[in-house]
Amino acid sequence: MERKVALITGGSRGIGKKVAEEFAKHGYDLVINYVSDNTNLEELENDFKSLGAKALFVKTDVTNFEDCSNMVNKAIEEYGRIDVLVNNAGITKDSLLIRMKEEDFDKVININLKGTFNVTKNVVPFMIKQKEGKIINISSVVGVVGNAGQANYSASKAGIIGFTKTLAKELASRNIRVNAVAPGFIQTDMTSVLKDSVKENINNQIPLKRMGTAEEVANVVYFLADDVSSYITGQVINVDGGMVM
Ligand code: NAP
């Protein structure tokens, strides 16, 4: 039986890495994009290999459309198919609007939202040819409810929700399901920069009284890619310990 293939942007660390491991455990081969030069690819490759998966690493800045096209073409050359796309690459550049620099607004929108467009636009024609596909976009609960200090980030994540719902409508007839996962506060490099006092304050506002793990997000991403969720499309699933309800 032909092995399935999952392309995960930002799959070299944090939530993306756990998502990649989850797909590896379920018999998928991987395409992983990374952007930092200091990423330890050999260690990552061994990690995925130990879970039985082959991984293709492609240095790709998701803000660059040509880079994204090259990554997708390399994936097709290597595996001949892409069954699942997880748009996970993302950054924050937080400050109140009054102090937010234009370049920090542009950077966050370009990576989080335009990057999602750039990769999806290149993958979808192959999914249409395959007559099947699943796309899972990583949004955030702040894209639903907003958050002081994150005008750029919450706008990018709200944009991802609109993008997800539109594509779910456009692609349903092509047997492609498109959903979003909206994590709350998850322990990764992105949140490790927060002061302990801030983390404690956040934990107090979460009904489950703790931050989530990358694995808890990865489980839901896999669920949305699996056939057990075959009647779900155009949805946003919060993984946030009950923070937003
Ligand atoms: P992270 O640990 O900071 O990892 C971010 C990933 O994005 C890295 O793999 C990074 O690649 C990649 N990336 C950044 N800029 C890129 C670019 N220009 N092109 C390609 N890849 C790029 O973040 P995380 O916490 O795992 O977050 C993953 C996703 O979940 C993001 O979309 C984030 O907004 C979302 N999210 C996170 C939380 C949270 O609490 N952590 C909450 C809600 C939503 P390199 O390793 O090569 O730098």
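The values are calculated or read from the model by the stated rules, or taken from the named source; none is laboratory data. Note that the coordinates shown come from a computational prediction; the quantities given were computed from them, not determined experimentally. Note: ideal-geometry Cβ built from the backbone for every residue, glycine included; neighbour counts use all protein chains shown. Keep in mind that these areas ignore ligands, DNA and RNA; they rest on the heavy atoms of the full protein, side chains included. Shrake-Rupley method; radii C 1.70, N 1.55, O 1.52, S 1.80 Å.
Accessible area per residue for the stretch 1-96 is 46 Å², calculated with a 1.4 Å probe on protein heavy atoms, without ligands, DNA or RNA.
Expressed as a whole percentage, what fraction of the accessible surface of the stretch 6-79 belongs to carbon and sulfur atoms when a 1.4 Å probe is rolled over the protein heavy atoms? With neighbouring chains kept in place, the figure for the stretch 6-79 is 41 percent.
Identify the GluC sites (Glu not before Pro) of the stretch 1-58 meeting these criteria: DSSP loop state and at most 15 other C-beta atoms within 10 Å of the C-beta. Could the numbers behind the result be given before it?
Working: sites: 2, 21, 22, 42, 43, 45; in loops: 2.
Sites meeting the loop and neighbour criteria: 2.
In this Cβ point-charge picture (+1 for Lys and Arg, -1 for Asp and Glu), the chain has a dipole of about 620 debye about its Cα centre. From its DSSP helices (H runs of at least four residues, each -39,500 (n - 2.57)), the chain gives a residue-normalised ellipticity at 222 nm of -14000 deg cm²/dmol.
Per residue, the accessible area of the stretch 138-245 comes to 50 Å² when a 1.4 Å probe rolls over the protein heavy atoms.
Using a probe of 1.4 angstrom, how much of the accessible area of the stretch 104-245 is carbon and sulfur, in percent?
Details: 3710 of 6790 Å².
Solvent-exposed carbon and sulfur of the stretch 104-245 make up 55 percent of the total.
List the trypsin sites (Lys or Arg not before Pro) within the stretch 78-177 that DSSP assigns to loop and that have no more than 12 neighbouring Cβ atoms inside 10 Å. Walk me through the intermediate numbers first.
On the way: sites: 81, 93, 99, 101, 107, 114, 121, 129, 131, 134, 157, 165, 169, 174, 177; in loops: 81, 93, 101, 131.
Passing both the DSSP loop test and the Cβ count: 101, 131.
Computed on the chain, with alpha-carbon pairs under 8 angstrom and 6+ residues apart, the relative contact order is 19 percent.
As a length-normalised measure over Cα pairs under 8 Å and 6 or more apart, the relative contact order of the stretch 87-201 settles at 31 percent. When the Cα positions of 156, 24, 92 are compared along the charge dipole of the chain, 156 comes out farthest toward the positive end, with charges on each C-beta of Lys, Arg, Asp and Glu.
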